[in-house]
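**Q** One structure, as structure tokens, below. Some questions next.
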Amino acid sequence: MSAHIDVTNLNVFYGKQQALTNVSIAIPRQQITVIMGPSGCGKTTLLKSFNRFLELTDGTTITGAVQVDGQNIYAGDVDVTAVRKRVGLLAQRPTPLPMSIYDNVCYGMQIHQMRTNKADYAVAVQHYLELAGLWEEVKTRLHEPATSLSIGQQQRLCLARGLAVEPEVILGDEPTSALDPISSQHIEKRLLELKNQYTTVIVTHTLRQAKRLADYVIFMYMGEVVEAGVARELFTNPQQERTRQYLEGVF
Amino acid sequence: MRRQPWNRRHLIERIMQIAMIGSLVIVALCLGAILWTIIVRGLPSLTWQMISQAPKGGFYMGKAGGVLNAILGSLYLATGATALAIVFALPIALYLQTYLATSGWAQLVRLALDVLWGIPSIVYGAFGFTLMIVLGVRASLLAGIIVLALVELPIMTRAMDEVIRRLPRDLAQAALALGSTKLEVALRVIIPQTLPGIVTAVLLAFGRGIGDAAAVLFTAGYTDRIPTSLMRPTASLPLAVFFQLGTPYPEVRERGYASALILTIIVLVVSFGSRWLAARLQRYTVK
Ligand SMILES: Nc1ncnc2c1ncn2[C@@H]1O[C@H](COP(=O)(O)OP(=O)(O)OP(=O)(O)O)[C@@H](O)[C@H]1O
Ligand SMILES: [Mg+2]
């Protein structure tokens, strides 16, 4: 099993404060990797290092390397828009763009000029809405504002929108934490269906969700990776004391 | 649990409420008094002739004619200046927000704009006039448009800047996460999302431009002829008001108030028109 994302000696500073310390980790291809750990341990920071979102915050310093398919995305000649096209992000709260449902899905394909004519775009929009499990609910109202959808539907729209630019990796930062239980299940179900085609990395605070989704688990504490391994083994037989404590709910 | 009407917190609340309502009433009264004055004194003289004719001989001594020259002049000046200002203000505001963000440079540009905002328009007029002497050109509609655009630019840019600043960060990030360039974010996300605010910014600037007398006095000049060329001088409503109110003839002064009324109506029509437009454009914005 080859690694899809390879992190070596990653250090991240917000100003002078260090958020990640010497993180080295390999994310397996076409599986669901779950990042866990207590609040403030650096999960979001690690996730944002995969699509070069850290640089959107002023004053961040990044050292080390993150390789996607063997290519260091922090190398000087890398096109950041190409990185973000390959590594998609599902945010914590759904953020529809200020346009129609249809255009939300179409937007990414348009900016990357991924189709040549209108009809092809329409076919693709339907395809990705189906993939996200939203088509049946929106097919008669494609040109209404995306904000007219419920929060759960909006998150599935964001999933469709992200899939439409044909990424290899899907990142999710607590992607169901703002949703009701049914909508969360919807998203989880999609992620499981899609996991054979995409490398998925999810941050979650709920242990049960982690157990439902994870093939591979990374446990972090205070900016460091404490333990990483195949989900079944890590959940049943953690090697590190801290991991065991976390799983038992000590902190 | 019973409410005690005169304890300290309720008292302060009451006093603040009264103060706020008081200020509101004062502002409303001032506005009302201004409108009342120009309506009462201007409406009787607001004839069809006033808005359909240029001044005839002896107009400023009470003979026939109207202020069509100034109405058209003002519309041309303010529309031209506002259009020109948009061309510069929108890119500056977007650049400030998407590329410079909170850097030192951005703060410097903002400071410069705020200083420019505070400079009286007569200074812009004088500056334009000096420049025109150096270049050897005469007062003209074009010169007036350029100088008025300079007057409008700081207001428009800062108003747009503030609107864009209030945009939720998540929104731009959602587009960036799909691999957008900053320009694509600006054109496809920021502008559609902030359009109502941008319209308001344009409106503010238009209002200042059309009401300005000092900047156009030197640069656009004044003439009784209907403006037909960018290279010729042109009349404007604020100056028309000024000249008419400055005469000793009561009927001409009445027509000065009528001209002020016309100016007010133009501003109101443009204002309501663009608000209506902005509301229609708001369909897709994320709240
Ligand atoms: N923009 C920022 N500026 C300064 N410090 C930050 C910033 N973002 C995060 N940090 C700090 O970096 C550390 C890691 O933050 P991060 O957001 O990655 O944690 P997290 O594991 O995602 O936490 P949570 O589970 O609460 O989301 C924290 O100590 C946090 O205070
Ligand atoms: Mg987080």
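The values are calculated or read from the model by the stated rules, or taken from the named source; none is laboratory data. Here the structure is a predicted model, which is why all the values come from computation and not from measurement. When we count neighbours, we look across all protein chains shown, and the Cβ atoms used for this are built from the backbone with ideal geometry, even at glycine. All accessible areas refer to the heavy atoms of the entire protein, side chains included, with ligands and DNA or RNA removed. Shrake-Rupley method; radii C 1.70, N 1.55, O 1.52, S 1.80 Å.
**Q** I'd like the residue in the range A:60-73 that is assigned to a loop (DSSP other than H, G, I, E, B) and open to solvent by 50 Å² or more (accessible area, probe 1.4 Å) and, out of all such residues, is nearest to B:GLY179 (Cα to Cα). Step through it out loud before you land on a result.
**A** Taking the range A:60-73 as the starting set, the residues that turn out to be assigned to a loop (DSSP other than H, G, I, E, B) are A:69-70, A:73.
Those left that are additionally open to solvent by 50 Å² or more (accessible area, probe 1.4 Å): A:69-70.
Numbers: A:ASP69: 18, A:GLY70: 20 Å.
So the residue we want is A:ASP69.
**Q** If you don't mind, there's one more thing I want to ask. I'd like the residue in the range B:111-135 that is under 17 Å from B:ARG208 (Cα atoms) and not hydrophobic (A, V, I, L, M, F, W, C) and, out of all such residues, is surrounded by the fewest Cβ atoms within 10 Å (Cβ to Cβ).
**A** B:GLY118
**Q** Moving on. Which ones in the range A:11-53 are within 8 Å of ligand 1 (Cβ to nearest atom), in a loop (DSSP other than H, G, I, E, B) and within 14 Å of chain B (Cβ to nearest Cβ)?
**A** Of everything in the range A:11-53, just one residue is within 8 Å of ligand 1 (Cβ to nearest atom), in a loop (DSSP other than H, G, I, E, B) and within 14 Å of chain B (Cβ to nearest Cβ), namely A:GLY15.
**Q** Next question. Please go through (1) assigned to a helix (DSSP H, G or I); (2) buried (at least 20 other Cβ atoms within 10 Å of the Cβ); (3) aliphatic (A, V, I, L, M) for A:VAL123 and return the number of the only condition it doesn't satisfy.
**A** (2)
**Q** Do any helices (runs of 4 or more DSSP H) entirely within the range B:1-110 hold 2 or more residues that are touching a Gly at 6+ places or on another chain (Cβ under 7 Å) and under 30 Å from B:THR247 (Cα atoms), and if so, which? Spell out the reasoning first.
**A** Working: elements: B:8-42, B:48-52, B:68-94.
By residue number, B:48-52, B:68-94.
**Q** So for the range B:138-158 (the condition being surrounded by fewer than 21 Cβ atoms within 10 Å (Cβ to Cβ), more than 19 Å from the chain's Cα centre (by Cα) and more than 14 Å from chain A (Cβ to nearest Cβ)), does at least one residue qualify?
**A** Within the range B:138-158, one or more residues are surrounded by fewer than 21 Cβ atoms within 10 Å (Cβ to Cβ), more than 19 Å from the chain's Cα centre (by Cα) and more than 14 Å from chain A (Cβ to nearest Cβ).
**Q** I would also like to ask the following. Need the failing condition index for A:GLN92 against (1) away from every other protein chain (no Cβ under 12 Å); (2) surrounded by fewer than 19 Cβ atoms within 10 Å (Cβ to Cβ); (3) in contact with a Ser or Thr (Cβ under 7 Å, 6 or more places away or on another chain), just the number.
**A** (1)
**Q** Just checking, does the range A:131-144 include any residue being crowded, with 24+ Cβ neighbours inside 10 Å and either within 12 Å of another protein chain (Cβ to nearest Cβ) or part of a strand (DSSP E or B) (or both)?
**A** Checked the range A:131-144: no residue is crowded, with 24+ Cβ neighbours inside 10 Å and either within 12 Å of another protein chain (Cβ to nearest Cβ) or part of a strand (DSSP E or B) (or both).
**Q** Before we move on, is B:LEU150 modelled with pLDDT of 90 or more and in the same structural domain as B:VAL216 (by TED's automatic domain parsing)?
**A** Criteria met by B:LEU150.
**Q** Something else now. So B:ILE39 passes all but one of these: (1) open to solvent by 60 Å² or more (accessible area, probe 1.4 Å); (2) without any contact (Cβ under 8 Å) to a residue 12 or more places away in the chain; (3) not assigned by TED's automatic domain parsing to the domain that holds B:LEU203. Which condition number does it fail?
**A** Result: B:ILE39 passes all but (2).
**Q** Filter the range A:195-223 down to the residues that are open to solvent by 10 Å² or more (accessible area, probe 1.4 Å) and under 14 Å from A:ALA26 (Cα atoms) and list them by number.
**A** If the condition is that a residue be open to solvent by 10 Å² or more (accessible area, probe 1.4 Å) and under 14 Å from A:ALA26 (Cα atoms), then A:ASP215, A:TYR216 are the ones that fit.
**Q** Restricting the search to the range A:104-130, which residues are within 12 Å of chain B (Cβ to nearest Cβ), closer than 23 Å to A:GLU193 by Cβ and modelled with pLDDT of 90 or more?
**A** A:ASN104, A:VAL105, A:CYS106, A:GLY108, A:MET109
**Q** List the pairs whose first member sits in the range A:24-51 and is open to solvent by 40 Å² or more (accessible area, probe 1.4 Å), whose second member is within 14 Å of ligand 1 (Cβ to nearest atom) and outside any strand (DSSP E or B), and whose Cβ atoms are under 7 Å apart, counting only residues at least 6 apart or on separate chains?
**A** Taking only residues 6 or more apart or on different chains, the pairs are A:LYS48/A:LEU54.
**Q** Output the number of the condition that B:VAL185 fails; it satisfies all remaining conditions of (1) open to solvent by 10 Å² or more (accessible area, probe 1.4 Å); (2) within 11 Å of chain A (Cβ to nearest Cβ).
**A** (1)
**Q** List, please: which pairs have Cβ atoms under 8 Å, are six or more places apart or on different chains, and start with a residue in the range B:163-175 that is facing another protein chain (nearest Cβ under 7 Å) and end with one that is basic (Lys, Arg)?
**A** Listed pairs, sorted by first residue: B:ASP170/A:ARG93; B:ALA175/B:ARG188.
**Q** Could you identify the single residue in A:ALA228, A:ALA214, A:ALA210, A:ALA178 that is away from ligand 1 (no atom under 16 Å from the Cβ) and small (Gly, Ala, Ser)?
**A** Only one candidate qualifies: A:ALA214.
**Q** Scan the range B:217-224 and tell me whether some residue there is free of Cβ contacts under 8 Å to residues at least 60 places away in the same chain and open to solvent by 30 Å² or more (accessible area, probe 1.4 Å).
**A** Taking every residue of the range B:217-224 in turn, at least one turns out to be free of Cβ contacts under 8 Å to residues at least 60 places away in the same chain and open to solvent by 30 Å² or more (accessible area, probe 1.4 Å).
Residues checked against (1) farther than 19 Å from B:TYR284 by Cα; (2) touching a Leu at 6+ places or on another chain (Cβ under 8 Å):
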{"residue": "B:GLY136", "(1), (2)": "yes, no"}
{"residue": "B:LEU142", "(1), (2)": "yes, yes"}
{"residue": "B:PRO154", "(1), (2)": "yes, yes"}
{"residue": "B:GLU162", "(1), (2)": "yes, no"}
{"residue": "B:LEU171", "(1), (2)": "no, yes"}
{"residue": "B:LEU178", "(1), (2)": "yes, no"}
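**Q** What single numbered condition from (1) closer than 19 Å to A:ALA3 by Cα; (2) at pLDDT below 90 fails to hold for A:ALA210?
**A** Going through (1) closer than 19 Å to A:ALA3 by Cα; (2) at pLDDT below 90 one by one, A:ALA210 breaks only (1).
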